[in-house]
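See below for the structure under consideration.
The values are calculated or read from the model by the stated rules, or taken from the named source; none is laboratory data. Keep in mind that this is a model prediction, so the values were computed, not measured. All Cβ positions, even for glycine, are placed from backbone atoms using ideal geometry, and neighbour counts span all protein chains on display.
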Amino acid sequence: MLKQLAAKAAGVGSDIDGRIIETWQHFHDLLDPMQVIVPFAVDLLNALPENPPVAARRAFGRVITTIKAMAVLHQAQRKTNETGQLIAEYADYAMAYQLIETSFAESLKDESEITESRVEIIETEKRITPGALAKKAGISSPAISQWIESTIEKGLVTWCDENGEVFDEKSALTTAKHSGKAYVRIVTGKSLPTPYELTGDPRWDKEGDLSALYDLHLGAEGPVDEGWVNWKLRLITSNNEEEGEVVESCGLADEFPDKTMTH
């Protein structure tokens, strides 16, 4: 992706066929402004760490907005409720996930260099007692205890036993702390859940058919595959009565087979 951007900026490499661009512009003009609901928004929120940083709370709003944008782009394939609102689907989240997962993960990080260095120690050790962490960080035990509690509130680390298991009850944690057997470890799954994690549907796993169908190919290097661009346009306009107008008006009828692609 970066190589492609650099090549385009330098005036080398191939651009997308102008007819393709015109087709997409025409497609955009055919979209209707619509209100969108996201039925799985609460499930998505519950999958995130508790008490995330303020930046992550703002970023969550952008996640929802991106899901809604994907639904509007695919409005020809989406259902509406009794009030005419468009209903977003997991496919919309799958595409939004590819676009914003990395930036959302960044919003969960603490920008403090001190926090970053201590987190690196924990990551290296896998799990570590507060006393051992204090020694490696070169600070007092009370100071590291205060840092641990504040970092737990941010959802970056958690208490665990010597096997890395989170304590089920507060009494067990209290006992472990008194006996010196309470450890801290990095919280896994700190970013957005994958579509598979959110749905539990194996079709959304890495090798699943739905995962392949809605792969945006953002990590691909080299020139954009125009065949894929055409295919994607056909995908999002299928079931649209004005599809023929989009394709024929830009002279791309030969690029699209008569067979309607569905998901």
Identify all residues within region 168-188 that are touching a Leu at 6+ places or on another chain (Cβ under 9 Å) and modelled with pLDDT under 90; write none if there are none. Ile186, Val187
State which residue is surrounded by the fewest Cβ atoms within 10 Å (Cβ to Cβ) when the search covers only region 136-152 and only residues that are among the small types (Gly, Ala, Ser) and part of a loop (DSSP other than H, G, I, E, B). Gly138
Can you go through Ala6, Ala76, Ala96 and tell me which one is of a type in the set (A, V, I, L, M), part of a helix (DSSP H, G or I) and modelled with pLDDT under 75? Ala6
Counted residues, region 80-103 - those being hydroxyl-bearing (Ser, Thr, Tyr) and exposed (fewer than 14 other Cβ atoms within 10 Å of the Cβ): 3
The conditions are (1) on the phi > 0 side of the Ramachandran plot; (2) modelled with pLDDT of 75 or more, and Gly11 fails exactly one of them. Which is it? (2)
Which condition number in (1) assigned to a helix (DSSP H, G or I); (2) under 30 Å from the mean Cα position of the chain (by Cα); (3) not basic (Lys, Arg) is the one that Leu173 fails? (2)
Residues of region 153-173 being surrounded by 11 or more Cβ atoms within 10 Å (Cβ to Cβ) and more than 19 Å from Leu133 (Cβ to Cβ), in sequence order, are Ala172
Subset of region 187-218 (residues that are acidic (Asp, Glu), farther than 13 Å from Gln98 by Cα and assigned to a loop (DSSP other than H, G, I, E, B)): Asp201, Asp205, Glu207
Out of everything in region 174-204 that is hydrophobic (A, V, I, L, M, F, W, C) and over 25 Å from Ile67 (Cβ atoms), what residue ends up being surrounded by the most Cβ atoms within 10 Å (Cβ to Cβ)? Val184
Scanning region 14-55 for residues that are at pLDDT 70 or above, in a helix (DSSP H, G or I) and of a type in the set (Val, Ile, Thr), which turns out surrounded by the most Cβ atoms within 10 Å (Cβ to Cβ)? Thr23
